[in-house]
Amino acid sequence: MNRLFLIGIFLNAGLAWGQEPWKEFHNSHFLIYYQDAPLTFVEEVAKSAEEEYDNIARRLGFTRYQGWSWDNRAKIYIFNDQDHYISSQHPSWSHGTTSTLNRIIRTFPTAHGFFDTTLPHELGHIIFREFVGEATPIPLWLEEGVAMYQEKAKRWGANKTVQEALRHGEFVPLKEIGFTTFAGDSDKKLVELFYAEAASIVYYMITEFGEYRFTNFCRELKSGKLFDEALHQAYIRFNDLEDLNKAWIQYLSK
């Protein structure tokens, strides 16, 4: 989950939200702040984050132009538990949030599939924005889809959820989900469908046409091209978002 609630919030490593001081653990590219989480867990977070640091960029075909070191290291705040996380103004249906501008991730130890899901998802947001540019206008489904693509389960299982939505007349076209916004009390089923569609369309764009086309598409967005123009430049067969939507539905219907 990215930007939906917490854009621009910067957290100091000391007294945040009136809680006890945060302890710090660091490695080459990450500063990890925690309170009551076991040190062994924190060490495993540091290890996994370092592994994903390069894996995600490689998975997407992105070239990293700047490293995360010293003052530029990403920050991961590990709340004590879900209640602690929610009480700090995070939505109850989320397991992590990210401020891409400041490279800050907030989560908790029992977040669903922490190492296979939550951590790579949130890191995916940061690395994606680092590549395309913080100010580049991008549909929310694309940003979330890239993050979901980092999750092993969602990467391979999202199509089934979207196919069910198509069969039951609940499918939401890309033009419509592009205007989706969420609040803390948003309908859980609607949230789940949005994320499934986001994961499915990005999976389709990468696996059906090759990583290099998706990388070129992101590079075109980074250069300042509007969405439809960037899409056509990278995927010649698609003139606009509507063409992409139709092809995706045909792919899902096979």
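The values are calculated or read from the model by the stated rules, or taken from the named source; none is laboratory data. Fair warning: this is a prediction, and the values are worked out from it, not measured in the lab. Quick reminder, even Gly has a Cβ in these numbers, built from the backbone with ideal geometry, and neighbours come from all protein chains shown.
Observations on the structure shown:
- Filtered residues of the range 171-207 (kept if acidic (Asp, Glu) and either modelled with pLDDT of 95 or more or within 12 Å of GLY145 (Cα to Cα) (or both)): GLU197
- Looking across the range 31-73, just one residue is over 17 Å from PHE128 (Cβ atoms), surrounded by fewer than 13 Cβ atoms within 10 Å (Cβ to Cβ) and small (Gly, Ala, Ser), and that is SER69.
- The residues of the range 238-253 that are in contact (Cβ under 8 Å) with a residue 24 or more places away in the chain and among the charged types (D, E, K, R) amount to a single one, GLU242.
- Residue pairs whose Cβ atoms lie under 7 Å apart, separated by 6 or more positions or on different chains, with the first residue in the range 112-125 and surrounded by fewer than 22 Cβ atoms within 10 Å (Cβ to Cβ) and the second among the basic types (Lys, Arg), are ASP116/LYS152.
- Where a residue in the range 130-150 is closer than 18 Å to THR161 by Cβ and touching a residue at least 60 places away in the same chain (Cβ under 8 Å) and its partner, wherever it lies, is outside any loop (DSSP other than H, G, I, E, B) and among the basic types (Lys, Arg), with Cβ under 8 Å and at least six apart: TYR149/ARG59; TYR149/ARG155; GLN150/ARG59
- LEU166 surrounded by fewer than 18 Cβ atoms within 10 Å (Cβ to Cβ), part of a helix (DSSP H, G or I) and modelled with pLDDT under 90: no
- Any hit, the range 101-117, residues being under 19 Å from TYR203 (Cβ atoms) and not small (Gly, Ala, Ser): yes
- Residue within the range 64-72 that is basic (Lys, Arg) and at pLDDT 85 or above present: no
- Checking each residue in the range 86-129 for being in contact with a strand residue (DSSP E or B) (Cβ under 9 Å, 6 or more places away or on another chain) and aliphatic (A, V, I, L, M) picks out ILE104, ILE105, ALA111, LEU119, LEU123, ILE126.
- Residue, nearest to the chain's Cα centre (by Cα), within the range 190-210, restricted to residues that are surrounded by fewer than 16 Cβ atoms within 10 Å (Cβ to Cβ) and more than 17 Å from TYR251 (Cβ to Cβ): GLU192
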